[in-house]
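Asks: Submitted below is the structure of interest, expressed as structure tokens.
The values are calculated or read from the model by the stated rules, or taken from the named source; none is laboratory data. Computed from a predicted model, the values in this text were never measured in an experiment. Here the Cβ positions follow ideal geometry from the backbone for every residue, glycine too, while neighbour counts run over all protein chains shown.
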Amino acid sequence: MKKLLFGSIILMLFFVACSKRDVPSKVTTIDSNIIKPPLPNTIDKTDSLKVMAYNILNYGDGCQGTTDTLNDYLDTIIQFVQPDLLSCEKMTSFQLTSNPSTNFALGITNSMNTVFPNRYAYATPTNQSGGVMNVLFYNQQKLTYVKTELLVSYITDFDLYKLYYNDPNLSITHDTTFLYVAVNHTQSGSSSTTRDQQVTEEMEVLRKKFTYFPNLIIMGDFNTQTSSEAGYQAIISNVDTTTMMSDPSFYPDKINSYPADWTNKSFLYESYLTTSTRLWATIPNSCGTSGGAMSWYDHLFISPWLVKDSNYIAYIPNSYKTIGNDGNRLNESINSTSPVANTSAPASVLNALFQMSNKYPVTVSLQIKANRSTNGPADPVEQN
């Protein structure tokens, strides 16, 4: 009996000792990440970033009027939305000169800065393909542009832009909060073969470049007709979940669910539809698609870090919006009073959206925190 009791005590002590070895190591690791004190002289600050993707329908080709006229419409939209990051897709090819009448990116920048002085700058785009161009504009009071990298050049260029947050503590922490933005404009049409190839190649390049995704947004006009297209799946699906992007209304918001067919079942996604702002083929012009809101081509995808608030920047839940779409625009113009008047934005903004493009812009909001303790995870090493 004594031997049995002694053996039981020894066995119990063994398990207690093992548990004491396991638990403290885990707790210590977590606590060191959570309670690491702020560095001296750093300040606590929480900021926001409004991100907007907008196809501006061959801006600069003259079909819809002069660039001055279009700039006035865009200024009205910018004043209402106040984006900190704005991608403008499908701009007519231009040269990066110092002349705003020929450098369309500079012309738009100068015009937006008449609304918000000294706020906007543009990141240098590429145009190796020689097709339409996509440009990223940013709020230079909040962000600093680092570089542009061409990911794919196939019909249009797919660029990756690197920026960082103008953290008030940066001179103390020397720990930079980076944000990467990839801007897309894919091939339209009922067949997805070409755009599948464009986006699949883009994602392959990104996954070779990053072993896990940093703070990353992929946004623009994807022309996808369903979530089952191979290009869309290349973005949201991957064996390695650290390089799997999220379409916010599906995840993390969980408002919509897969599979999704927003072309043949557009009535299920009325408030998300992005094409077209116009019912009639000749009003206000004959430059873009008509038919009213009928499909969802424009998207903003966010990386796991943004979903989980892993590195000082986080997606604000339920902030994904289609600007100007009140959920009653199915087969109607944006400014139509049928079936009801659109009150999602002022009439002047709705008119500007109607005149500016056949596409609705889409937005998300991000929260960004000042880094006080150099406590974030390491950014992935960029592979060339």
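Asks: Of the residues that sit in the stretch 172-214 and are of a type in the set (D, E, K, R) and free of Cβ contacts under 8 Å to residues at least 60 places away in the same chain, which one is surrounded by the most Cβ atoms within 10 Å (Cβ to Cβ)?
Replies: If we filter the stretch 172-214 for residues that are of a type in the set (D, E, K, R), which is where we start, we get 175, 195-196, 201-202, 204, 207-209.
After this cut, where a residue has to be free of Cβ contacts under 8 Å to residues at least 60 places away in the same chain as well, the list is 195-196, 201-202, 204, 207.
Working: 195: 26, 196: 19, 201: 17, 202: 22, 204: 13, 207: 18.
Result: 195.
Asks: Name the pairs: first residue in the stretch 225-253 and in contact (Cβ under 8 Å) with a residue 60 or more places away in the chain and on the phi < 0 side of the Ramachandran plot, second residue hydroxyl-bearing (Ser, Thr, Tyr) and surrounded by 15 or more Cβ atoms within 10 Å (Cβ to Cβ), Cβ to Cβ under 6 Å, at least 6 apart or on different chains?
Replies: 225/263; 242/212; 248/320; 249/320
Asks: Additional query: Which condition number does residue 256 fail, the rest of (1) closer than 27 Å to residue 380 by Cα; (2) surrounded by 13 or more Cβ atoms within 10 Å (Cβ to Cβ) being met?
Replies: (1)
Asks: Just for the stretch 316-336: of the residues that are among the hydrophobic types (A, V, I, L, M, F, W, C) and closer than 18 Å to residue 355 by Cβ, which one is surrounded by the most Cβ atoms within 10 Å (Cβ to Cβ)? I'd like the intermediate steps shown before the answer.
Replies: Let us first name the residues in the stretch 316-336 that are among the hydrophobic types (A, V, I, L, M, F, W, C), namely 316, 323, 330, 334.
The next check asks that each one be closer than 18 Å to residue 355 by Cβ; those that pass are 323, 334.
Working: 323: 21, 334: 26.
Restricting to residues being among the hydrophobic types (A, V, I, L, M, F, W, C) and closer than 18 Å to residue 355 by Cβ, the top hit is 334.
Asks: Hey, residue 127 hits all of (1) in contact (Cβ under 8 Å) with a residue 24 or more places away in the chain; (2) under 20 Å from residue 303 (Cα atoms); (3) touching a Ser or Thr at 6+ places or on another chain (Cβ under 8 Å) but one; which does it fall short on?
Replies: (2)
Asks: Quick check on my filter: what residues within the stretch 278-295 are in contact (Cβ under 8 Å) with a residue 60 or more places away in the chain and touching a strand residue (DSSP E or B) at 6+ places or on another chain (Cβ under 9 Å)?
Replies: 287, 288, 289, 293, 295
Asks: Being in a loop (DSSP other than H, G, I, E, B) and closer than 24 Å to residue 86 by Cβ is true for just one of 314, 345. Which residue is that?
Replies: 345
Asks: Which condition from (1) part of a loop (DSSP other than H, G, I, E, B); (2) over 22 Å from residue 53 (Cβ atoms); (3) touching a strand residue (DSSP E or B) at 6+ places or on another chain (Cβ under 9 Å) is the one that residue 267 breaks?
Replies: Status for residue 267: all satisfied but (1).
Asks: I've got another one for you. Show the residue pairs meeting these rules: Cβ distance below 6 Å; 6+ apart or different chains; first residue within the stretch 322-337 and over 14 Å from residue 262 (Cα atoms); second residue of a type in the set (Lys, Arg) and assigned to a loop (DSSP other than H, G, I, E, B).
Replies: 333/278
Asks: With respect to the numbered conditions (1) out of contact with any helix residue (DSSP H, G or I) (no Cβ under 7 Å at 6 or more places or on another chain); (2) in a strand (DSSP E or B), which one is the sole condition not fulfilled by residue 97?
Replies: Checking residue 97 against (1) out of contact with any helix residue (DSSP H, G or I) (no Cβ under 7 Å at 6 or more places or on another chain); (2) in a strand (DSSP E or B), the one that fails is (2).
Asks: Working only within the stretch 33-65, note down all residues that are basic (Lys, Arg) and either touching a helix residue (DSSP H, G or I) at 6+ places or on another chain (Cβ under 9 Å) or modelled with pLDDT under 95 (or both). Can you show your working first?
Replies: Looking only at the stretch 33-65, we keep the residues that are basic (Lys, Arg), and these are 36, 45, 50.
Hits for the stretch 33-65 are 36, 50.
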